[in-house]
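Remarks on the structure that follows.
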């Protein structure tokens with residue numbers, strides 16, 4: 001089993017980047033809601049792959065993170081359910 005098999009498994013669905021034993025999945029969308037749903041789908045697809053291949057993704061250690069780039073300055077609260085709520089921040 002090679003970690004490159006992860007790329008081969010999902011290359012037509014998600015943007016997958018790996019370096020050594022670190023893997024990054026990328027998605028894009030026209031709204032924060034769409035991106036959140038795609039990220040949820042990515043995790044739901046990739047986590048079983050790790051288990052089936054006797055690997056551990058370590059989501060509980062805080063290594064699962066994501067970053068959102070947008071043309072507008074807005075913070076969002078992303079929920080595992082796929083819901084997205086704009087947040088107001090006071091500085």
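The values are calculated or read from the model by the stated rules, or taken from the named source; none is laboratory data. Everything numeric here is computed off the predicted structure, so don't read it as measured data. Here Cβ is always computed from backbone atoms with ideal geometry, including for glycine, and neighbour counts include all displayed protein chains.
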- Message: Can you pull out every residue in the range 14-36 that is in contact with a strand residue (DSSP E or B) (Cβ under 6 Å, 6 or more places away or on another chain) and under 27 Å from residue 86 (Cα atoms)?
- Response: 14, 15, 24, 25, 26, 32, 33, 36
- Note on the structure: Checked the range 32-54 for anything in a loop (DSSP other than H, G, I, E, B) and out of contact with any helix residue (DSSP H, G or I) (no Cβ under 8 Å at 6 or more places or on another chain); matches are 54
- Query: Is it fair to say residue 66 is touching a helix residue (DSSP H, G or I) at 6+ places or on another chain (Cβ under 7 Å), surrounded by 11 or more Cβ atoms within 10 Å (Cβ to Cβ) and at pLDDT 75 or above?
  - Reply: no
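For every residue, the table says whether it meets (1) surrounded by 10 or more Cβ atoms within 10 Å (Cβ to Cβ); (2) at pLDDT below 75; (3) out of contact with any helix residue (DSSP H, G or I) (no Cβ under 7 Å at 6 or more places or on another chain); (4) under 14 Å from residue 57 (Cβ atoms).
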{"residue": "3", "(1), (2), (3), (4)": "yes, yes, yes, yes"}
{"residue": "8", "(1), (2), (3), (4)": "yes, no, yes, no"}
{"residue": "11", "(1), (2), (3), (4)": "yes, no, yes, no"}
{"residue": "15", "(1), (2), (3), (4)": "yes, no, yes, no"}
{"residue": "18", "(1), (2), (3), (4)": "yes, no, no, yes"}
{"residue": "23", "(1), (2), (3), (4)": "yes, no, no, yes"}
{"residue": "30", "(1), (2), (3), (4)": "no, no, yes, no"}
- Report yes if some residue within the range 47-62 is modelled with pLDDT of 80 or more and within 13 Å of the chain's Cα centre (by Cα); otherwise report no. yes
